[in-house]
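Novice: I'd like to ask some things about the structure below.
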Amino acid sequence: MLQKTDKNLNKYASQDVESIFKELESSKAGLSNTEVGLRLQKFGKNILAEEKKSHWVLKYLSQFKNPLILILLFATVFSFILGEEIETYIIGGIILVSTFLNFIQEHKASKAAEELEARLQSKATVMREGKNVEVNFKKIVIGDVIFLNAGDLIPADARVIEAKDFFVNQSSLTGESYPSEKTAMALAGENFALGDLKNIVFLGSNVVSGSAMAVILKTGKDTEFGKIAKDLAAPEVESEFVKGVNKFSFFILKTTIAFVVFIFFFNSVFKHNSVFESFMFAIAVAVGLTPELLPMILSITMGSGSIKMSQKGVIVKKLSAIPNFGSMDILCTDKTGTLTQDRIELVKYVDCQGKDNQDVLLHAYLNSCYQTSITNPMDNAVLKYQKIDIKDYKKIDEIPFDFVRKKMSVVVEKDGNRFIITKGAPEEVMKSSTLEIQDHSAILKVYENLSAQGHRVLAIAQKEVGNGRDIYEAGDEKELTMLGFIAFFDPAKKEAKEIIREINQKGVQIKIITGDNELVTKKICQELDIEIKGVMLGQEIDTMTDDALRIMVEKTTIFARFSPDEKNRIILALKANGHVVGYMGDGINDAPSLKTADVGISVENAVNVAKESAEIILTHKSLRELLDGIIEGRKTFGNSMKYLMMGISSNFGNMFSVLGAVILLPFLPMLPIQILLNNLLYDISQISIPKDNVDEEYVATPKRWNMRFIKRFMIVFGLVSSIFDFATFGFLYYFMKVDEASFQTGWFLESMATQVLIIHFIRTRKLPFIQSNAHPALVASTLGMVLLAWIIPFTPVAGYLGFVPLNVNILLGLGAIILAYLATVEIAKRVFYRKMSY
């Protein structure tokens with residue numbers, strides 16, 4: 001059986017193909033399925049890092065890494081040592097319930113994420129037992145024979161055994177700016193730099209053009225990319241929303257720690273309470289004031305959102321992209337397949353005078369038939385238009401397309417005469433042709449007329465070449481003779497006009513960035529009623545400063561004749577202006593822009609490198625699916641903000657309430673165990689927030705993290721909460737003159753009701769229960785927990801928790817305070833939103 005080897009790639013580069021197959025115990029027919037299984041077992045999967053799938057027990061135990069849980073565990077042990085059995089059991093029970101609920105919710109979310117991820121795993125075409133099969137990258141082994149075409153990601157380090165005009169982008173490893181050509185020829189010598197290994201392809205690179213067959217030499221961590229993966233791996237860029245949440249959580253944590261330390265020393269030193277009691281109260285306050293469910297609520301809300309989005313044809317690769325998707329206010333896209341039907345048909349083939357010409361069609365057919373680089377719908381349209389007999393022609397070579405030259409050529413021979421046929425962007429082909437000034441003007445007019453009719457146009461040119469060689473280069477594409485143009489029509493989508501109008505109404509501007517010319521793009525935009533603020537051509541930004549470009553991008557709708565690098569500059573300029581930018585693309589040339597944008601959006605049938613670069617994948621290239629995804633993204637953002645705003649307002653208010661109570665009252669306002677129970681019931685009541693309904697008005701505009709808004713919200717509603725807590729203190733202690741246990745019971749009931757029920761008032765700007773209804777699950781969880789809290793003092797367990805039954809007058813008084821609080825929150829909410837928009 002094949003043994004693992006540390007053989008250097010240099011050795012394979014200098015070997016002939018036959019000896020390599022012999023050494024790897026493989027052949028062009030590929031490996032057998034049995035052998036593949038044995039090699040997977042022996043060498044492992046083709047992955048850079050081992051997949052860590054923990055047992056469910058270990059996943060549950062990981063819940064105990066939470067700092068708050070550790071604090072509670074410490075409190076449990078502390079209580080046990082001091083012989084406080086009741087506190088020990090109750091705090092232990094709270095820990096078990098809390099960790100179990102977190103575990104169940106996170107387990108559900110992770111399972112759903114795994115199912116979605118499985119749909120997006122990259123596959124390669126592999127020869128197995130003499131047949132071409134699609135294989136997951138992870139299951140590729142040493143000795144596998146793979147087929148590579150334009151747009152493919154290279155799954156592992158491999159030796160090229162056959163190649164045709166094969167170019168790869170390996171800049172992530174070698175830093176080369178331009179694609180590197182690969183061949184099957186053995187190299188002479190021994191010591192080569194990575195960039196000089198012209199017959200080796202590497203994991204981490206992708207195919208730009210051409211096709212090849214290769215045999216796998218190294219997989220996973222043994223690849224060149226695997227050896228330096230840790231160095232290359234950049235930390236994941238946090239979204240604006242996640243950054244904001246983390247920053248605010250840290251602020252709350254610091255404030256809570258300082259507050260709790262003060263409470264502990266004040267109780268133990270100035271009020272002479274026992275150290276145990278003071279410590280337990282401080283621990284309970286820390287737990288009660290910290291929004292410990294925030295990470296879980298965020299992950300579950302985003303997980304739930306990703307499932308809903310997948311049901312609407314939008315697959316989320318990274319959950320952190322969902323808030324950005326909802327915040328997106330500019331969508332940059334090409335027109336093909338997005339605004340148009342992506343059903344390109346050849347409709348005209350004309351000479352330089354604009355007359356139909358069969359010779360132009362023949363040359364276009366020869367070029368499309370013999371080119372093997374990037375598969376594109378225009379070549380398919382040429383070949384489908386008419387079957388032409390070309391058996392007398394022989395292909396000699398081809399010069400693949402690239403996005404700098406914007407053209408490609410084939411060299412063919414007939415009857416001993418050899419000539420080059422070039423097809424590409426009219427401007428570039430005309431530059432390479434020999435034209436008189438008057439001819440150039442006339443030919444340009446023909447081209448512009450075709451474009452103005454909404455046609456996509458390619459130029460066709462040719463010249464005779466000598467027979468002295470069989471390899472040709474881009475430098476041979478000069479002094480061509482213009483033959484004419486071929487024109488294609490791709491009609492606008494019938495439904496696109498209405499969807500674009502809806503997208504605009506949702507606060508998202510559409511900007512068209514295309515390699516096509518401005519005349520065709522303007523025609524499509526006019527058909528779809530897209531307002532054209534301005535048009536910019538790629539050549540215009542070459543001499544434009546970044547500051548000037550930032551001004552121009554705001555005034556421009558169509559960016560035509562743009563290269564990949566120029567597209568990137570537009571996206572960066574829009575981001576610099578404060579926009580959240582989405583970019584939608586599915587081609588090789590779209591990969592850089594997909595990475596640069598805040599939200600990279602591709603489609604399921606895109607080339608691998610585009611899908612790998614994107615964060616959002618659409619199952620169809622449809623604006624309807626995109627719009628549905630935007631709305632779901634905003635709903636997810638909204639539900640995340642509900643928990644955050646509810647938590648920070650009540651926590652901020654509780655700080656003042658607890659501080660005032662500790663200073664003013666001769667006893668603790670609530671026992672530690674009561675605070676912990678309050679916190680547990682409160683957390684359970686909020687678990688259903690991710691399922692909540694979101695008002696149509698909320699999703700009508702993009703939403704972004706707004707620290708100024710959040711701080712003002714916290715102050716206003718925190719103070720309202722604190723005022724009614726003090727009202728409760730006055731009612732219980734000074735008006736009803738209750739004892740310590742009754743006071744603690746009364747504040748427990750009031751606190752539970754106010755901090756739980758407030759979600760129904762801050763979840764919407766409308767009148768709750770009348771103009772806006774919460775999801776039934778949220779209604780059930782909130783009302784259920786409040787009801788449970790109010791029942792507990794009248795049950796046999798009340799004594800263990802320090803509760804006592806309250807008389808009807810106290811309960812009615814507390815009810816009046818709660819109703820007054822909720823009414824005040826509703827009034828404050830309306831005043832607040834009139835002054836603060838979000």
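The values are calculated or read from the model by the stated rules, or taken from the named source; none is laboratory data. Please read all numbers here as calculations on a predicted model, not as lab measurements. Note that each Cβ is placed from the backbone with ideal geometry, even for glycine, and that neighbours are counted across all protein chains shown. Just so you know, the surface numbers come from the protein's heavy atoms only, side chains and all, with ligands and any DNA or RNA stripped out. Shrake-Rupley method; radii C 1.70, N 1.55, O 1.52, S 1.80 Å.
Novice: Considering only C-alpha atoms, what is the centroid distance from the stretch 343-404 to the stretch 689-768, in Å?
Specialist: Between the Cα centre of the stretch 343-404 and that of the stretch 689-768, the gap is 69 Å.
Novice: Same structure again: Please work out the average accessible area per residue across the chain, using the 1.4 Å probe convention, and give it in Å².
Specialist: That works out to 44 Å² per residue.
Novice: For Glu495 and Ala576, FRET efficiency with R0 = 35 Å and r from the beta-carbon atoms, rounded to 0.05?
Specialist: 0.55
Novice: If the convex hull of the alpha-carbon atoms of the stretch 747-833 is projected onto planes in all directions, what is the mean projected area in square nanometres?
Specialist: If you wrap the Cα atoms of the stretch 747-833 in a convex hull and average its projections, you get 6.2 nm².
Novice: Carbon and sulfur together cover what percent of the accessible area of the chain at a 1.4 Å probe radius?
Specialist: 57
Novice: On a C-alpha basis, how far is the centre of the stretch 509-533 from the centre of the stretch 419-477 in Å? Whole number, if you could?
Specialist: Each part reduced to its Cα centre gives a spacing of 25 Å.
Novice: Looking at the chain only, what percent of DSSP beta bridges run antiparallel? Nearest 5 please.
Specialist: Once the DSSP bridges in the chain are tallied, antiparallel ones form about 75 percent.
Novice: What's the FRET efficiency of Asn136 with Leu61 using the Cβ-Cβ distance as r and R₀ = 22 Å, to the nearest 0.05?
Specialist: With R0 = 22 Å, the Cβ-Cβ based efficiency is 0.10.
Novice: What does the net charge come to around Ser409 if you take all other residues with beta carbon closer than 15 Å to its beta carbon, with K and R at +1 and D and E at -1?
Specialist: That works out to -2.
Novice: In addition: In percent, what relative contact order does the chain have, based on Cα pairs under 8 Å that are 6 or more apart in sequence?
Specialist: RCO, the chain: 12 percent.
Novice: Which far-off residues, 5 or more places away or on another chain, put their amide H under 5 Å from the one on Glu25, with H placed in the peptide plane?
Specialist: none
Novice: Something else now. Note down the net charge around Thr543, summing +1 for each Lys or Arg and -1 for each Asp or Glu among other residues with Cβ under 14 Å from its Cβ.
Specialist: -4
Novice: Please give the length that would be gained between Phe262 and His620 if that part of the chain were fully extended, namely 0.36 nm times their separation in residues minus their C-alpha to C-alpha distance (nm, one decimal).
Specialist: Length difference between fully extended and current span is 123.1 nm.
Novice: I need the semi-axes of the equivalent ellipsoid of the stretch 373-451: take the C-alpha gyration tensor, multiply each eigenvalue by 5, square-root it, list largest first in whole angstrom.
Specialist: So the equivalent ellipsoid measures 24, 17, 15 Å along its semi-axes.
Novice: What ranking, highest mean first, results for peptides 395-406, 632-643, 536-547 when packing means the other Cβ atoms within 10 Å averaged over each residue?
Specialist: Most protected by this proxy first, the peptides run 632-643, 395-406, 536-547.
Novice: Would any residue of the stretch 353-388 have its amide N under 20 Å from a label point 7 Å out along Cα→Cβ of Asp439? List them or say none.
Specialist: Residues 353-364 qualify, since their backbone N sits under 20 Å from the label point.
Novice: For Lys493, what residues show an amide H to amide H distance below 5 Å, using hydrogens built from the backbone and excluding near sequence neighbours?
Specialist: For Lys493, the qualifying residues are Thr340, Gln341.
Novice: Would you work out if the stretch 450-554 is rounded, prolate or oblate? Take a ≥ b ≥ c from the square roots of the eigenvalues of the alpha-carbon gyration tensor; rounded if a/c is under 1.5, else prolate when a/b is larger than b/c, oblate otherwise.
Specialist: Note, shape of the stretch 450-554 comes out oblate.
Novice: A further question on this structure: I'd like the distance between the alpha-carbon centres of the stretch 540-565 and the stretch 769-814, rounded to an integer number of Å.
Specialist: Each part reduced to its Cα centre gives a spacing of 61 Å.
Novice: Using Cα pairs closer than 8 Å and at least 6 residues apart in sequence, work out the relative contact order for the stretch 702-786, in percent.
Specialist: 21
Novice: Just to be sure I understand the model, the point goes 7 Å from the Cα along the line to the Cβ. What's the resulting Arg469 to Lys42 distance in nm?
Specialist: A separation of 4.6 nm, rounded to one decimal place.
Novice: If I model a spin label at Lys22 and Asn706 as a point 7 Å from the Cα along the Cα→Cβ vector, what separation in nanometres do I get?
Specialist: 7.4
Novice: At 7 Å along the Cα-to-beta-carbon direction for both Lys391 and Ala548, put a label point, then send me their distance in nm to one decimal.
Specialist: A separation of 6.0 nm, rounded to one decimal place.
Novice: Sticking with this one: Run the helix sum for the chain: -39,500 (n - 2.57) per DSSP H stretch of 4+ residues, divided by residue count, reported at 222 nm to the nearest 500 deg cm²/dmol.
Specialist: -15500 deg cm²/dmol
Novice: Taking a virtual spin label 7 Å from the Cα of Thr481 along the C-beta vector, which residues in the stretch 427-467 bring their backbone nitrogen under 17 Å of it?
Specialist: Correct set: 430, 432-436, 439-440, 460-467.
Novice: Another one. Using the Kyte-Doolittle scale, find the helices of the chain whose mean hydropathy is at least -1.0 and whose Cα atoms extend 27 Å or more along the helix's long axis, counting only whole DSSP H runs.
Specialist: Within the chain the helices that satisfy the rule are 85-119, 240-265, 623-664, 707-729, 808-835.
Novice: Additional query: What is the calculated FRET efficiency for Ser171 to Ala828, with r their C-beta to C-beta distance and R₀ = 41 Å, to the nearest 0.05?
Specialist: 0.15
Novice: Give me the extension gain from Gln505 to Phe147: residue separation times 0.36 nm, minus the current Cα-Cα distance, reported in nm with one decimal.
Specialist: Full extension from Gln505 to Phe147 adds 124.3 nm.
Novice: Using 0.36 nm times the number of residues separating Lys254 and Phe726, minus their current alpha carbon distance, what extension gain do you get?
Specialist: Gain on extension, Lys254 to Phe726, equals 167.4 nm.
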